[in-house]
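Report on one structure; see the data block that follows.
The values are calculated or read from the model by the stated rules, or taken from the named source; none is laboratory data. These figures come from a predicted structure and were not determined experimentally. Cβ atoms come from the backbone with ideal geometry, glycine included; neighbour counts cover every protein chain shown. Ligands, DNA and RNA are stripped out before the accessible areas are found, and what is left, the full protein with its side chains, is counted by its heavy atoms. Shrake-Rupley method; radii C 1.70, N 1.55, O 1.52, S 1.80 Å.
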Amino acid sequence: MPVVQVNGIDLYYKEAGNKAHPPLLLLHGLTSHHHRFIREIEVFKKDFYVIAVDARGHGKSNRPEKFTLEDHIKDVIALMDALDLDKASLLGVSMGSYIAQGVAIKQPDRVKKMILIGAKAHGHTSSMSQLFSEHAEELKGMSFEQQMNRLAKYMFYDLRAVGRWLRDTEKRELALSAKEQQVARKALAGFDFRPNLSKVKAKTLVISGTYDGLNPPKDGREISELIPRASFMEFTKSGHAPHVEEPEKFIQVVSEFLRE
């Protein structure tokens, strides 16, 4: 898997498809990694040059002891520079959607289209930290793994589909420790893109799941109202992972959006 040195770290990414095709960057969620996009890579590599990047602190990229959302945004821009991508489409899930918004605000002429999944435009803390706080009493005395399993019902609608996806895309060497997860969550504290979303030029599709307890549909709808060329779609049988819980619908909708 290729690696580039950007902003003082090694950033790993997986590439697939023909480099002559339009570039599509896949930006994963908090504590995730490029391999979680294995299904999307296989589908989109037919028509796009697909780049699935491990954000700093995640996967095979370097894991500093401290970093910020701004660092994530600068990393993606630096990656585009390193790969000589004048313009690219961005698909971001949860944390990846925050990064995508930041890139589209800073470099509006370089983002062709943008798909934001399970997104929000602002937060005092990470959505995951907020969920832990809201259910602190319920989680008392549990191990970290038990806590995550308990919180799943607040995040997702189709727990079986999410469970299968996690098993099928698991890479133990890419997993984060509890401490690394905490560092990654802290990076998402205190951001607000709302005053600047009007700067985004990319045609944008925002997808939310009805049962998303992390970033509910109202958060996605708010983004679509603030970006000039944005539309909103709610997946009614999904929680925080519409691309996993309703995969066939997701691929169809996103493929049509990218072809437009």
I'd like the full set of residues that are in contact with a strand residue (DSSP E or B) (Cβ under 6 Å, 6 or more places away or on another chain) and of a type in the set (Gly, Ala, Ser), limited to the stretch 36-58. ALA52
Look through the stretch 175-194, keep the residues that are in contact with a Phe, Trp or Tyr (Cβ under 9 Å, 6 or more places away or on another chain) and of a type in the set (Gly, Ala, Ser), and return whichever of them is most open to solvent (accessible area, probe 1.4 Å). ALA178
May I ask you to list the residues in the stretch 50-66 that are within 15 Å of GLU173 (Cβ to Cβ) and acidic (Asp, Glu)? ASP54
Matching entry among LYS218, LYS199 (being open to solvent by 50 Å² or more (accessible area, probe 1.4 Å), at pLDDT 95 or above and within 24 Å of LEU151 (Cβ to Cβ)): LYS218
Return the total of residues in the stretch 231-245 being of a type outside the set (A, V, I, L, M), surrounded by 14 or more Cβ atoms within 10 Å (Cβ to Cβ) and free of Cβ contacts under 8 Å to residues at least 60 places away in the same chain. 3
Can you work out which of the residues in the stretch 137-149 that are under 29 Å from THR68 (Cβ atoms) and in contact with a helix residue (DSSP H, G or I) (Cβ under 8 Å, 6 or more places away or on another chain) is surrounded by the fewest Cβ atoms within 10 Å (Cβ to Cβ)? PHE144
Is the stretch 155-165 home to any residue that is assigned to a helix (DSSP H, G or I), touching a Ser or Thr at 6+ places or on another chain (Cβ under 6 Å) and either open to solvent by 20 Å² or more (accessible area, probe 1.4 Å) or at pLDDT 95 or above (or both)? no
Considering residues that are under 28 Å from MET148 (Cβ atoms) and either open to solvent by 40 Å² or more (accessible area, probe 1.4 Å) or assigned to a strand (DSSP E or B) (or both), the number found within the stretch 11-29 is 7
From the list GLY92, GLY123, which one is in contact with a strand residue (DSSP E or B) (Cβ under 8 Å, 6 or more places away or on another chain) and over 26 Å from TYR12 (Cα atoms)? GLY123
Residue pairs, Cβ under 9 Å, 6 or more apart or interchain, first in the stretch 182-208 and free of Cβ contacts under 8 Å to residues at least 60 places away in the same chain, second open to solvent by less than 10 Å² (accessible area, probe 1.4 Å) and of a type in the set (A, V, I, L, M, F, W, C). List them. SER198/ILE227
